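Structure, as structure tokens:
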Amino acid sequence: EDTVARIAAGEVVERPASAVKELLENSLDADASRIDIAVEDGGTELIRVADDGRGMTESAVRAAVRQHTTSKIDGLEDLESGVATLGFRGEALHTIGSVSRLTVETRPRADGDGTGRDEAAGAGTKLVYEGGEVTAVEPTGCPEGTTVEVADLFYNTPARRKFLNTTATEFAHVNRVVTRYALANPDVAISLTHDDREVFATTGQGDLQEAILSVYGREVAKAMIPVEADGDELPVGPLESVTGLVSHPETTRSSRDYLATYVNGRAVTSDAIREGIMGAYGTQLGSDRYPFVVLFLEVPGEAVDVNVHPRKREVRFDDDDAVRRAVDSAVESALLEHGL
Ligand code: ADP
Ligand code: MG
């Protein structure tokens, strides 16, 4: 039955980037103000996510790696937002730990709002979880917050391990995930390091423009144009607002990776949104060129279909056409205002 569980885990944790995404979400959920992510070999050898969030007591961290444990009671709210990570509640640590060697070092914040407030805060705990078994729990000296290390991902699922791509490709997936969260959370200092080289670090002190500067650099940041459309500035349809930044048509890349789009705060991909963006630029973009885009859509939950698959970020709308038109119109107005 272990084998079946491991195969199921491999279906959910597809690659290093999926583990990074879950760990990063946990750190944000834990109210972290800084999150440092370091990966080695594209994340296949090591993923380390260190946060200064609430932390966990010993009993909380023991519970956290069990199946179906969650300290979060907002499941219903997530479902109503229409774009929850369905089928993954309370499963991430357990699932990742069943296909890797997982180490958690954690210490509750001294202000005592760590999970399991009955226990004395202050002491740190190190828990080792390998292939689905807790193999060590010991006290440790560590700062407040939580550091999760995932080593040797898929070491016990050789077929899945073999399926992994090159270091460069796996790292590109990790980079895209971390970038998306960094852009959506400019008030959290998020850094990404690959094989000891810092890829980017946001300050956690600024706005979206400053996060773009940290992530993509000065040239791109300078080329960004604000999009700000709501209410009657949008065509009739399900969208309540479209806000963010898009690049001047001369500042492009040949990859869709730089289209960062969000629905109700969650990173998503959507054909309708992408087609709306591309439609607004029209022929101003060269062939196979894509702008830099960071765009936030607000939509009533009932207008969004749930994910096609729990680990994918693809969304569908009840009225894809209306979404495409609204995005097109919002981005086009922004470009027009800049004489483009
Ligand atoms: P979920 O996030 O759906 O609750 P997870 O398996 O991702 O499930 O995490 C299980 C639990 O472990 C969380 O509910 C939370 O209480 C705790 N936890 C995980 N990561 C952290 C972290 N970085 N800081 C504090 N608590 C955490
Ligand atoms: Mg989680």
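Readers should treat all values here as calculations from the given coordinates under stated rules, not as data from a laboratory. If you're wondering where the values come from, they're calculated on a predicted model, not measured in any experiment. We place every Cβ from the backbone using ideal geometry, glycine too, and count neighbours over all the protein chains shown.
How long is the gain from Ala168 to Leu285 if the chain were fully straight, where each residue apart is worth 0.36 nm and the alpha carbon distance is subtracted? So the extension gain works out to 39.4 nm. Sorting the segments 171-179, 229-237 by their residues' average number of neighbouring beta-carbon atoms within 10 angstrom, most packed first, yields 171-179, 229-237.
The modelled label-to-label distance between Glu298 and Asp319, using points 7 Å beyond Cα along the C-beta direction, is 1.9 nm. Taking other C-beta atoms within 10 angstrom as a stand-in for reagent exposure, Leu336, Leu239 fall in the order Leu336, Leu239, fewest first.
Close amide H pairs (under 5 Å, H built 1.01 Å from N) link Phe200 with Leu192, residues at least 5 positions away or on another chain.
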